[in-house]
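Okay, so here's the structure we're looking at.
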């Protein structure tokens, strides 16, 4: 018999998992590390001095998502995800998941709120370094929209 509880592993990244194995006279906890598969997608970066860098992730069927961290410096930030259809119109998405954490470390899942259909934002506090950002959402036609990218945070 086995039982599991924990975060949804649909978000790409590296996760720490603790398995408790019980038997006879005791319980042993085994620490595991799991890295989910990470699709290789085209990502464009649009950097304009004084503005957050906007990363456009090109997905299947001509869809895309723009990801940016505002202001993109140490301290309080907002992570934005905006999904687009193949014509460049905002793609209504009912919900999304976000994971973010220092590169090579497990990702935390900040609470996403909807700004408008297809545009989500989460509040995070970041230090200097490069962060892994993973997202996952499901379009109304059932297509999974997911990717992972690396975003640097400066002082």
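Values in this text are rule-based calculations from the coordinates and carry no lab data. Note that the structure is predicted; figures quoted are calculated from it, not measured. When we count neighbours, we look across all protein chains shown, and the Cβ atoms used for this are built from the backbone with ideal geometry, even at glycine.
Multiplying the residue separation of residue 73 and residue 116 by 0.36 nm and subtracting their alpha-carbon distance yields 13.0 nm. In plain terms, the residue of 134, 140, 103 with the fewest other Cβ atoms within 10 Å comes first and the most crowded comes last, giving 140, 103, 134. On full extension, the segment bounded by residue 125 and residue 141 gains 2.3 nm, given 0.36 nm per residue less the C-alpha separation.
Summary value for region 43-153: 22 percent relative contact order, contacts being C-alpha pairs under 8 angstrom separated by 6+ residues. Label separation (residue 58 vs residue 19): 4.0 nm, computed from points 7 Å beyond Cα along the C-beta direction.
Put in line by how crowded their Cβ is, counting other Cβ atoms within 10 Å and starting with the fewest, 78, 90, 116 read 116, 90, 78.
When 21, 151 are arranged by Cβ crowding within 10 Å, least crowded first, meaning fewest neighbours, the order is 21, 151.
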